[in-house]
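These notes concern the structure reproduced below.
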Amino acid sequence: MNRIEMQGWRRALPFAAAVITVGGTGVLVGCATSEGGAAQAEEVGEAPMDTAGVRVINVGVTLVTRTDFVDYVRIVGEVEAMYDITVSAEESGSIAEFFVAKGARVSKGRVIAKIDDDVLRGQVEEARATAELAQEQFERQRRLWEEEGIGSEIAYLQTRSAARAADARYRTLLARLDRTELRAPVSGIFDEKYVEVGELVTPGTPVVRVVATNRVKITAGVPERFGLDVERGDSARVTFDVLPGREFIGTIEFVGASVDAENRTIPIEIHMDNPGGQVKVQMLANVRVERVRLTDVVVVPQEVLQRTEDGYQVFVAGDQDGRAVAVARAVELGPSYANRVVIQSGLSPEDPLITSGYRMVDDGSLIRIVSGGSTE
């Protein structure tokens with residue numbers, strides 16, 4: 001080594017040293033210190049030469065451990081109200097009054113609006129009087145027929161029928177009078193008003209809309225290939241781009257029995273609580289449905305995998321003639337999610353997996369480990 005090389009070597013030395021044992025060989029691992037100002041450390045992936053002029057590749061290793069793994073199906077859904085009901089008029093007339101302001105919360109059964117009922121109320125009073133008279137006539141005819149034997153049976157039956165008909169008309173008009181009051185069918189928000197006071201409505205005319213959002217449902221489609229992995233009662237994790245940092249837990253309450261022919265998905269419906277009403281109708285939801293849960297398995301970062309003619313391989317640090325080398329390991333893959341892959345065979349716990357500089361090595365390449373740790 002000449003003078004210039006020696007000076008460069010000495011300038012790279014002010015760092016603490018540690019030793020990782022690979023295959024019985026002690027390998028120097030550098031850890032920069034603050035001595036002399038700026039920290040000095042060698043970058044992973046550099047290719048210095050050893051004293052014999054052989055190329056040595058700097059790598060980082062991670063000790064393989066066993067851990068738990070969860071695989072999710074990721075889908076996008078749309079929020080719908082648990083109940084979204086349009087209340088329509090059941091009687092004809094003009095809107096007399098609204099008792100609740102638009103946007104207010106209403107309880108089930110509360111009167112929201114009323115149709116003018118002056119004419120109908122007069123008909124109710126007339127029908128009530130007619131029903132009372134018919135009932136009185138029937139009672140008199142009944143006493144004459146049953147107690148004194150006066151009159152005919154047909155007259156008795158006619159007055160009884162007339163009394164019943166008059167009472168039925170009276171009760172019908174009472175029911176119609178009650179329908180002039182438009183009530184909230186569920187507890188929720190008075191979300192829309194379709195007519196104004198004074199407008200004429202007829203049966204079937206939409207008047208108000210009530211939306212219940214204390215619980216919401218999310219409709220989505222699961223890709224056909226994952227159809228057998230999703231069942232009613234499964235839990236789902238839901239997030240929204242507009243609500244960063246918030247995660248909601250819902251339950252799958254419906255799984256379709258057929259596949260949508262256009263997009264090859266199976267419809268599902270997720271129900272979840274909506275505390276504070278932060279989740280709004282028509283929001284887009286990011287849904288994760290648990291597909292596979294594994295315990296005590298080997299999991300590695302997906303980027304360390306390299307494709308070969310026969311499948312996939314990774315590199316681990318090994319020993320050859322007392323020197324640290326990269327060793328190719330063929331691996332069999334399991335499920336993957338979020339850049340993590342389950343290794344079903346080919347790696348064992350405590351194997352020193354090369355996780356930095358792996359793109360620069362081949363099977364048998366000389367290496368120098370400059371960083372190491374564990375998968376946790």
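The values are calculated or read from the model by the stated rules, or taken from the named source; none is laboratory data. In this text, all values refer to a predicted model and were calculated from it rather than measured experimentally. Here the Cβ is made from the backbone with ideal geometry for all residues, glycine too, and neighbour counts use every protein chain on show. Calculation scope for accessible area: heavy atoms of the full protein, side chains included, ligands and nucleic acids excluded. Shrake-Rupley method; radii C 1.70, N 1.55, O 1.52, S 1.80 Å.
Going from most exposed to least, what order do 173, 63 have by accessible area with a 1.4 Å probe?
Ranking 173, 63 by accessible area, largest first, yields 63, 173.
If I stretch the segment between residue 143 and residue 226 completely, what's the gain in nm (0.36 nm per residue apart, minus their alpha carbon distance), one decimal? Let's see the in-between values first.
Working: separation 83, 0.36 × 83 = 29.88 nm, distance 7.79 nm.
Contour length minus the Cα-Cα distance gives 22.1 nm.
How far apart, in nm, are two points set 7 Å out from the Cα along the Cα-to-Cβ line at residue 68 and at residue 192?
4.4 nm
Please report, as a whole percent, how much of the solvent-accessible surface of the range 78-221 comes from carbon and sulfur atoms (probe radius 1.4 Å).
Answer for the range 78-221 is 48 percent, counting heavy atoms of protein chains only.
In Å², and per residue, what accessible area does the range 155-269 have when probed at 1.4 Å with the other protein chains present?
Per residue, the range 155-269 has an accessible area of 56 Å².
What is the spin-label model distance, in nm, from residue 280 to residue 296 if the labels are put 7 Å beyond Cα along the C-beta direction?
Reported label-point gap for residue 280 and residue 296 is 5.0 nm.
So for 55, 164, what's the accessible-area order with a 1.4 Å probe, most first?
The residues order as 164, 55, largest area first.
Using a 1.4 Å probe over the heavy atoms of the protein chains, calculate the carbon and sulfur portion of the accessible area of the range 246-376 as a whole percent.
Answer for the range 246-376 is 43 percent, counting heavy atoms of protein chains only.
If you average 1/r across every pair of different Cα atoms in the range 142-276 and take the reciprocal, what Kirkwood value do you get, in Å?
21.4 Å
Roughly how much of residue 108 is accessible, in Å² to the nearest 10, using a 1.4 Å probe?
Rounded to the nearest 10, that gives 150 Å².
Return the FRET efficiency for the residue pair residue 171, residue 215: r is the Cβ-Cβ distance, R0 is 56 Å, and the value is rounded to the nearest 0.05.
0.90
I need the calculated FRET efficiency for the pair residue 107 and residue 350, taking r as the beta carbon distance and R₀ as 51 Å, to the nearest 0.05.
0.20
How big is the accessible area of residue 183 in square angstrom, nearest 10, if you roll a 1.4 angstrom probe over the protein chains?
Here the accessible area works out near 90 Å².
What are the lysines whose alpha-carbon lies under 21 Å from the alpha-carbon of residue 193, with same-chain residues fewer than 8 places away excluded?
102, 108, 114, 280
What distance in nm separates the two pseudo spin-label positions at residue 178 and residue 306, each 7 Å out from Cα along the beta-carbon direction?
Using points 7 Å along Cα→Cβ, the separation is 8.1 nm.
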